[in-house]
Each structure stands twice: as structure tokens, then as C-alpha cells.
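S.K.: Dumping the structure here so I can ask a few things about it.
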Amino acid sequence: METEYDVAIIGAGPGGYVAAIRAAQLGLKACVIEKDKPGGVCLNIGCIPSKSLIHQAGIVAGAEALRALGAQVDLSALDYGKAFAASRKAAERLSKGVQFLLKKNKVDYRTGTARFASARELLIDGSDPVRAKAFIVATGSRPRALAGFDFDERTVLSSTGALMLETVPKRAVILGAGAIGMEIGYVWNAFGTELTIVEAMDRALPIEDAEAAAVVRKSFESRGVKFITGAMATGFESVPGNTSQPSGQASDPASIRVALKPAKPGAPEAAAVPASLETDAILVAVGRVPNSGGLGLEELGIRLERGFIHTGDWYETSAEGIYAIGDVVATPLLAHVASKEGEIAVERIAHLLRGTPLPAERRVDLSTIPSAVYCEPELASFGLSAEKAEANGTRHAVYSFPFRGVGKAVAIERPEGFAKIVHDPRTGEILGATIVGERATDVIHELLLARKAELTLEDVADLMHAHPTIAEAVMEAAKGSLGRAVHA
């Protein structure tokens, strides 16, 4: 039976389901269409299971601290399969939670693959029609493939395949030292994988503050992880195992040889790039691509650029009443960005349908998007880094306060890291910040709120912070920016 909605949303990820619930809160009749499971990539095969595994990896890494206290810790029976099971349990629980929230808010949930039949109608699985006054495309993204490294999810893994492994590889090469590669690398290393991370740029975490990225790399290297930067993988081949074992013994399994070349042949680091690496598995973590195909968008005159859907204010496409949010638009491919974009789009739709006040927020402010890397140590940032401010000629000053001056960090034996603030030296405006170290992904939000609320360094510096807390690093960084740091 055909039903007409105020808004129909394709995709039940963090953009789609949040948009649907916000629509219901605004009094709109909404439905969500999803071909897989509620929660999208983030909840099912991304953010949530990976953070569960990172938590389990942290427990394993804590064995050394227990030994330092005199405990006898035996990891010989360590079972990654149980960590995997815990990650799936977390994902399943939250996926059911999304279904519950949609039902609670009276959002219709439809399963199947949607495609536009016209600007006012979708077909689910080619036949079931859904009509609406407005539509939101929130179909997310998938792992980007690399030429010569087709995913088979056994030898060559995507992030999806990596998170679905029930055992970790003995040896692995990760192609890409961005957030995904570093997070999965942290887990594998903790569970015993002999790991090499290859990055085409000249450093790990290349879009983050260089000094902060160096802190993370140093920590990884202290745990035995090898890095090869300024290198590109060009292909791989199977290497036969040792078949000349004594009678009755199993032969060694085949391995993989990954061919490398310098990303910049004339660069100083080019000489350090080996011709090849031998490994048992390859994880390709070189980004993601939007799921914008097969929706019938081109037939409606909607423009795509490199697969991303072109949108204007409130994320409306060139087809009136059709919006696009999340990983299918050219903004940072982050779950929290998708959720915020969904709220912005829905509030505009509600305004048009109900005559409510026009929402002032037309697009996400890129300078207030938090970035987070959840390995050990954590790294979080927003806005301008010192390098970016220098490159674009922005007037700025920088102050960095080390965690070794933070009582809580020293007390819990986590003194590595710092809080760094980039600011306008004339006005005290906060232009950006980076925190690397214990609980960085939580603590960053104090500075982010200050930026959003247009508070100054002096406001943050004068705020009384509980002692001892990690957040004191933020206070001291603000004070240091004003020449008032106490514990520097």
C-alpha cells in the first residue's frame, strides 16, 4: 500500500536515523529505507565495533602494568575471537537500539534498495512505491580500493573485512596511516601481529598536526610497529611456503610479497623505501568512496563530482526537495558530521512544510568539526593547525602545554602528549586546537565549545578546573598562550 510521507530518508546510518528522529520531533511524518542493518557502517562495521576492539586491546596492553606491580600475567591463551565476539555484541545491541528509537519516535522503517522513480517517488526493490514531499539521501560510503589490490577479504582486506576477522594475522602490512589504518593497527599489534604501516605521505596521520602525529608514531614504534613513509605499494604476489619440511611435519604456508616504490623518487626518504615486504595479510586503508550510484540521481539532473553529490545551503541538491547528507557529500566523512547535516536538512524541510522560522544554520561550520583518532595515545583536533595557519597566511600564535606538567597524567603514568592551541594573538580568538594523549578525544570538546561560543583564551584560562584532571592541560595551554602558565 502506497503511503505519502513528509520526508523519506534513504539510509539508516548516523545521518539517516538522526535525521528521521529529528523529523519526528518536529512533527513530520517520516520513513527510513535501509538495505542492510540499522545504524549503517559506523554502528555495524565501523566506529562501534572498532572502538570495542580498541578497548579490548587496551586491556591486553595493560598486562605490562600488572606485571610491573608484581602480578603474574599469562597471555598464552589470549583469544582474539572473544574480543571479536564482544565487538559484534556491542554492534548488535546498538543496532537494535536504533530500531527501538525509530519505533519510539513513530518513524516507519522500510527494508530494501531504493531508487528514484521521479523527484517525488521512490521504488523499493523496483516495485514498492514511496511518495514524499521531500527526500534525504544518506547512503554513506564504502572502503576505497587501490589499483592492484582487489579486496578478497582474506588476503587483501578492507576495513570491513578487518573488523570481521575472528583471528588476527601473524604478519600484516597496512597501506595507509590515516585514522582507520592506525586504529586497526593498534588492535592488531596489541594482539600479537607483526605489523608494518606504509604511508605515501611523509608521515603518519598526515592530515593531523605534525608534532602530535609524531607522538603517536613514537608510541607505536615503542611497541614494535614499523613505519615506511613516502612509499607506495604497486602490487603483490604470492610466495610459496617452505615445502621441504621433514616427513610428518606440515609445510610452511605461503606468504605475500608486497612491491613498494618511493612516492617521490627524488625525496631524501626515498632511499629508505625497500623494494618489497613479505607478509600474511594486507589491509588497504586509503579512504572511502561515496555510495551515490544506482539511485537514479543523474536522471533527475542532480550533479555529482567524483561520486559526491553537489549540494547547496541546507544540503539541498539541484533537484528541489531532494537533499543529501553524510558521506555522499564532500564534507569530512565522519559520523558526527552526517548527524549534524541531517538535523540541518530536516529543520529546513520542516520550515518549508510547517512555516516555522527559517533555520539560521545553513551548513556545518568546518572549523568546528572535531577529528578523533582512538588509538593509544589518542589524538583529537579541530580548526586550524599551526601548519595550515602558516600555509594560508593566517595571523596566528601557538602555545603547547605538555602532559608531563599535568598532575593527573603523571599520576596515572600517561605523561606523553600535549594540548596545543592555535589562536589570534591580537584578539585571543581560538582558531584551532590539537590534543594528543590520555582522553584527548573527550577533552577536546572544551576548546571546541569555546570556539563555537566565541569565547576567548582568557575565558578558558580563567575557568576553574578540578584538580587533578586531564582537562587542566587545556587550562594551562590557554594560560600559556597569555603568558600565564603556572606549571610549564
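Since every read-out is calculated from the coordinates, none of them should be taken as a lab result. Please read these numbers as outputs of a predicted model, since none were measured by experiment. All Cβ positions, even for glycine, are placed from backbone atoms using ideal geometry, and neighbour counts span all protein chains on display.
S.K.: Which whole-number percent is the relative contact order of the stretch 371-426 (Cα, under 8 Å, 6+ apart)?
M.R.: 31
S.K.: Please report the net charge: other residues with Cβ closer than 12 Å to the Cβ of Ala360, K and R +1, D and E -1.
M.R.: Spelling it out: positives minus negatives among the neighbours equals -1.
S.K.: Whole percent per 10 Å bin, from 0 to the bin with the longest distance: what is P(r) over all C-alpha pairs of the stretch 377-481?
M.R.: 17, 52, 27, 4
S.K.: Turning to a different aspect of this structure: To the nearest 0.05, what FRET efficiency results for Thr111 and Ile207 with a Förster distance of 30 Å applied to their C-beta separation?
M.R.: Plugging the Cβ-Cβ distance into 1/(1 + (r/R0)^6) gives 0.25.
S.K.: Also, quick follow-up: Please sort by residue number the trypsin sites (Lys or Arg not before Pro) in the stretch 87-190 whose DSSP state is loop and whose Cβ has at most 12 other Cβ atoms within 10 Å.
M.R.: Loop-located and lightly packed - Lys106, Arg154.
S.K.: Here's another thing I want to ask about it. Taking the alpha-carbon distance from Lys226 and a cut-off under 22 Å, which lysines remain once sequence neighbours fewer than 8 residues away in the same chain are dropped?
M.R.: Lys226 reaches Lys170, Lys218, Lys261, Lys264.
S.K.: Considering all alpha-carbon pairs of the chain, what whole percent are spaced by more than 33 angstrom?
M.R.: Roughly 47 percent, once rounded to a whole number.
S.K.: Okay, next question. Once you keep just the Cα pairs under 8 angstrom separated by 6 or more residues, what percentage relative contact order results for the stretch 377-481?
M.R.: Value for the stretch 377-481: 32 percent.
S.K.: Past 25 Å, Cα to Cα: identify those pairs from Lys35/Lys104; Lys29/Lys89; Lys35/Lys82; Lys51/Lys479; Lys408/Lys452, in the order given.
M.R.: Lys29/Lys89; Lys35/Lys82; Lys51/Lys479; Lys408/Lys452
S.K.: So what is the relative contact order for the chain, in percent, with contacts set as C-alpha pairs under 8 Å and at least six apart?
M.R.: 14
S.K.: A follow-up question, please. At R0 = 30 Å, how high is the FRET efficiency between Ala85 and Ala63 if r is their beta carbon distance? Nearest 0.05 is fine.
M.R.: Approximately 0.90, to the nearest 0.05.
S.K.: Right, here's the next one. Excluding same-chain residues fewer than 8 positions from Lys340, which aspartates and glutamates have a Cα within less than 18 Å of its Cα?
M.R.: Reachable aspartates and glutamates: Asp313, Glu316, Asp327, Glu361, Asp365.
S.K.: Enumerate by residue number the trypsin sites (Lys or Arg not before Pro) in the stretch 412-488 meeting two conditions: DSSP loop (anything except H, G, I, E, B), and at most 14 other Cβ atoms within 10 Å of the site's Cβ.
M.R.: Qualifying residues, ordered by number: Arg426, Arg484.
S.K.: What spacing in nm lies between the two simple spin-label points modelled at Ser367 and Ala214, each 7 Å away from Cα in the Cβ direction?
M.R.: Spacing of the two 7 Å Cα→Cβ label points: 2.7 nm.
S.K.: At 222 nm, what value in deg cm²/dmol follows for the chain if DSSP H runs of at least 4 each add -39500 (n - 2.57) and the sum is divided by all its residues, to the nearest 500?
M.R.: The helix contribution divided over the chain gives -9500 deg cm²/dmol.
S.K.: Additional query: Where does each of Tyr186, Tyr109, Tyr399 land when they are ranked from fewest to most other beta-carbon atoms within 10 angstrom?
M.R.: Tyr109, Tyr399, Tyr186
S.K.: Zone of Asp462 (label point 7 Å along Cα→Cβ, backbone N under 20 Å): which residues in the stretch 407-446?
M.R.: In the stretch 407-446, the label zone of Asp462 (backbone N under 20 Å from the point 7 Å along Cα→Cβ) covers 423-431, 446.
S.K.: Determine ³J(HN,Hα), in whole Hz, for all residues of the stretch 40-45 in sequence, where each value follows from phi through the Karplus function 6.51 cos²θ - 1.76 cosθ + 1.60 and θ = phi - 60°; x replaces Gly and Pro.
M.R.: Calculated HN-Hα couplings, in order: x, 4, 3, 6, 8, 9 Hz.
S.K.: Scanning the chain for GluC sites (Glu not before Pro) in DSSP loops with at most 14 other Cβ atoms within 10 Å, what's the longest stretch left with none?
M.R.: Formally, the longest exposed-site-free interval is 167-319.
S.K.: Using the Cα centre as the reference, give the magnitude of the dipole from point charges on the C-beta atoms of the chain (Lys, Arg: +1; Asp, Glu: -1; all else neutral), rounded to the nearest 20 debye.
M.R.: Around 540 debye, computed over the chain.
S.K.: I would also like to ask the following. Measuring from label point to label point, each 7 Å out along Cα→Cβ, what is the Lys452 to Arg223 span in nm?
M.R.: Distance between the two pseudo-spin positions: 3.0 nm.
S.K.: Report the dimensions of the stretch 151-246 along its three principal axes from the alpha-carbon atoms, largest first, rounded to Å.
M.R.: For the stretch 151-246, the Cα spread along each principal axis is 51, 28, 27 Å.
S.K.: Separate question: What's the FRET efficiency of Val239 with Glu153 using the Cβ-Cβ distance as r and R₀ = 22 Å, to the nearest 0.05?
M.R.: 0.60
S.K.: Separation between the Thr167 and Arg354 pseudo-spin-labels, each 7 Å from Cα along Cα→Cβ, expressed in nm?
M.R.: 5.5
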